[in-house]
Amino acid sequence: MHIRIDTREHQKEYERITAQFDALGVTYERKKVDEGDYMVPENPHLVIERKKNLQELCGNVTQQHERFQRELIRAKDKQIKMIILCEHGQGIERLEDVYFWENPRRKDHAYRQVNGKPKWIYIPEQKRATSGKQLYKCLNTIRERYGVEFAFCEPSETGQRIVELLRTEHGL
């Protein structure tokens, strides 16, 4: 199997994942990929978009929503199947597990400066960070609207998981 890796993939992540590819005997090249991060050149209608963890994915869905949505629309318009591979680990093995995720940024109190003095303040429910339940609902909407699939793995398994997903989709 030969895999194309997007040139915009961070160098540290590129080195970590290509070391896993080397151990698996997979060849690869670094070349621009218009949608996603990983693909097999023989099938440009399947890409894998890698996310470091649920916090990154949550940021894409919330703070970077418009940019992320444009990427999903482009892939759908080009009839590209996108698989988002989230390297979260920690018991997140399938989409349903996201529902129970506890966002570390979701706190009910925060340390803030009030009138120049440090103080713990209460944060009302509607102003807190996205919950696992909210993220789960958003990801389901993305899956239904854009045909995106979600897969999860430990960071140490990313290379193997990319190979498995690309092989399964190609019938190899």
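The values are calculated or read from the model by the stated rules, or taken from the named source; none is laboratory data. Only a predicted model underlies this, so the values are computations on that prediction, with no experimental measurement involved. Positions of Cβ are backbone-derived with ideal geometry, glycine not excepted, and every protein chain shown enters the neighbour counts.
So here's what we get for this one:
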| read-out | value |
| --- | --- |
| Tally, over region 137-157, of residues that are of a type in the set (F, W, Y) and either within 13 Å of L54 (Cβ to Cβ) or not in a helix (DSSP H, G or I) (or both) | 2 |
| Subset of region 88-106 [at pLDDT 90 or above, of a type outside the set (V, I, T) and out of contact with any strand residue (DSSP E or B) (no Cβ under 7 Å at 6 or more places or on another chain)] | E96, D97, Y99, F100 |
| Residue match in region 6-19 (condition: acidic (D, E), modelled with pLDDT of 95 or more, under 18 Å from F152 (Cα atoms) and touching a strand residue (DSSP E or B) at 6+ places or on another chain (Cβ under 8 Å)) | no |
| Criterion: in contact (Cβ under 8 Å) with a residue 40 or more places away in the chain, crowded, with 17+ Cβ neighbours inside 10 Å and not aromatic (F, W, Y) - qualifying residue of E35, E42, E49 | E35 |
| Qualifying residue in region 118-127 (condition: among the acidic types (D, E) and modelled with pLDDT of 90 or more) | no |
| Residue in region 58-94 that is surrounded by the most Cβ atoms within 10 Å (Cβ to Cβ), counting only those that are touching a Ser or Thr at 6+ places or on another chain (Cβ under 7 Å) and assigned to a loop (DSSP other than H, G, I, E, B) | E87 |
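Residue-by-condition table, conditions (1) within 17 Å of the chain's Cα centre (by Cα); (2) of a type in the set (D, E, K, R):
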{"residue": "D6", "(1), (2)": "yes, yes"}
{"residue": "D37", "(1), (2)": "yes, yes"}
{"residue": "V47", "(1), (2)": "yes, no"}
{"residue": "D77", "(1), (2)": "no, yes"}
{"residue": "M82", "(1), (2)": "yes, no"}
{"residue": "C86", "(1), (2)": "yes, no"}
